[in-house]
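The values are calculated or read from the model by the stated rules, or taken from the named source; none is laboratory data. The structure presented is a predicted model; accordingly, all values stated were derived computationally and were not measured. Cβ placement follows ideal geometry from the backbone for every residue including glycine, while neighbour counts extend to all protein chains displayed.
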Amino acid sequence: MTEEHSPMPSARPTETADAVQQTHQLSFEHLAGDHRRLLDRAIAAVLATNVAELTYAQIVDGHPIEAPRHKPANPDYRPPTLPFPIPPAHTELCPGILEKVHEFRRQFSPDILMFDSKLLSEYCACNPGSRRFKMCLMELVALAVHQIAVILFELDTSVHKNDPKPLLPPKSNQSYWMMYPDGPPPTLFYHRWYQDHDQYPRGISDMVGYWAEAQILGGVVLFDRRDPDTEPAADPDAVYFHSCRKGVTYRIYQLLPEQRKALLDFLLTDEPLSASPLPILGDAKNRIRVDPQEPIRETGIYRNLWEQKDYVPRSRNEGISCVRNDLDFPTSGDELEGRRRASLRNRKHLLEMRARRRARRSDP
């Protein structure tokens, strides 16, 4: 983390995909009154944006579209980072895809959405407009954006099932195979830091959900889960985004007060705003950042503990480059601290590997 947010290790319960699947879920239809109306309106506001339409349309199409070389017609769109090339001809949606998305939106009912019962109960217990109400609302909207992507992906409507597979880079391309040692991800719709589908409740479909969050909202939506009673640095009102796009830091960043306000104003307004603030993206002013390589049980910045496995460095010198990187580390002090943390991570991993080798040699 940056100097504004230092990691504070603490004991937290483990959370597995099995545990999540056993967690009691409640559907949207259990909501009533203002709580139902306000969440329904917030979800509808997001679905009505151009960036949501284009993101969900790509999932229905079955292939992300490549950014055209000319200026895109939709200024909201930012191309995803892909592990292998998209055919150059696929710079626009296939015919009929947008019509399918429009039909889905016309028929869509939020009652099909399912939420964790504890979160939904907490939301219902809050007075509309209160600080905690707003935090619950933002989390529920993020989950809705994620879940709609999951639903669309599982409809399996891709028109590209019979397309030829792109050739993989040769084994001599060390940078590629270091990044993707097991080959390309199982779907083109993915966020680099959210690929642990073997422990996600909906498997690969959740990978698509995280990708959609980052495309539509600006990043995977995370929160400060630390206990303020035991960890003074905790900020229960903080919202963090984890983006995955060119020109935006790969690190997790806290939304600025004005960004948080813009998001809430958009979700809570009675009248449609003249322009959508989505996607909300971080820049050099977002100084409070977290290294995604750090264990989330230590940083306390996450939504669910199962969303990421502990990071494993790919080399003993990872993250210790002498090249200035002001995109991810706005100041020289940030960068020096980043190198120090990377060095500690690499050394810890090296010591763990040596300990495992010694244990294997000592086994009878």
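Within segment 13-69, the set of residues being in a loop (DSSP other than H, G, I, E, B), at pLDDT below 95 and either under 14 Å from residue 137 (Cα atoms) or not small (Gly, Ala, Ser) (or both) comprises 13, 14, 15, 16, 23, 24, 63, 64, 65, 66, 68, 69. Restricting segment 194-232 to residues that are among the small types (Gly, Ala, Ser) and in contact with an Asp or Glu (Cβ under 9 Å, 6 or more places away or on another chain) leaves a set whose member that is nearest to residue 140 (Cα to Cα) is 219.
Taking the criterion of being touching a residue at least 40 places away in the same chain (Cβ under 8 Å) and closer than 17 Å to residue 144 by Cβ, the residues of segment 94-108 that qualify are 101, 104, 105, 108.
Residue-wise test of (1) farther than 19 Å from residue 23 by Cβ; (2) hydroxyl-bearing (Ser, Thr, Tyr); (3) not in a helix (DSSP H, G or I).
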{"residue": "133", "(1), (2), (3)": "yes, no, no"}
{"residue": "147", "(1), (2), (3)": "no, no, no"}
{"residue": "152", "(1), (2), (3)": "yes, no, no"}
{"residue": "156", "(1), (2), (3)": "yes, no, yes"}
{"residue": "167", "(1), (2), (3)": "yes, no, yes"}
{"residue": "176", "(1), (2), (3)": "yes, yes, no"}
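Go through segment 311-354 and give me each residue that's of a type in the set (Lys, Arg) and either assigned to a loop (DSSP other than H, G, I, E, B) or under 20 Å from residue 192 (Cβ atoms) (or both). Result: 314, 316, 324, 341, 345.
Among the criteria (1) in the same structural domain as residue 301 (by TED's automatic domain parsing); (2) at pLDDT below 95, the one residue 10 does not fulfil is (1). Considered as a group, the residues in segment 215-237 that are without any contact (Cβ under 8 Å) to a residue 40 or more places away in the chain and of a type outside the set (Asp, Glu) include one that is surrounded by the most Cβ atoms within 10 Å (Cβ to Cβ), and that residue is 228. Per this entry, residue 269 is counted among residues that are more than 23 Å from residue 208 (Cβ to Cβ), assigned by TED's automatic domain parsing to the domain that holds residue 133 and modelled with pLDDT under 95.
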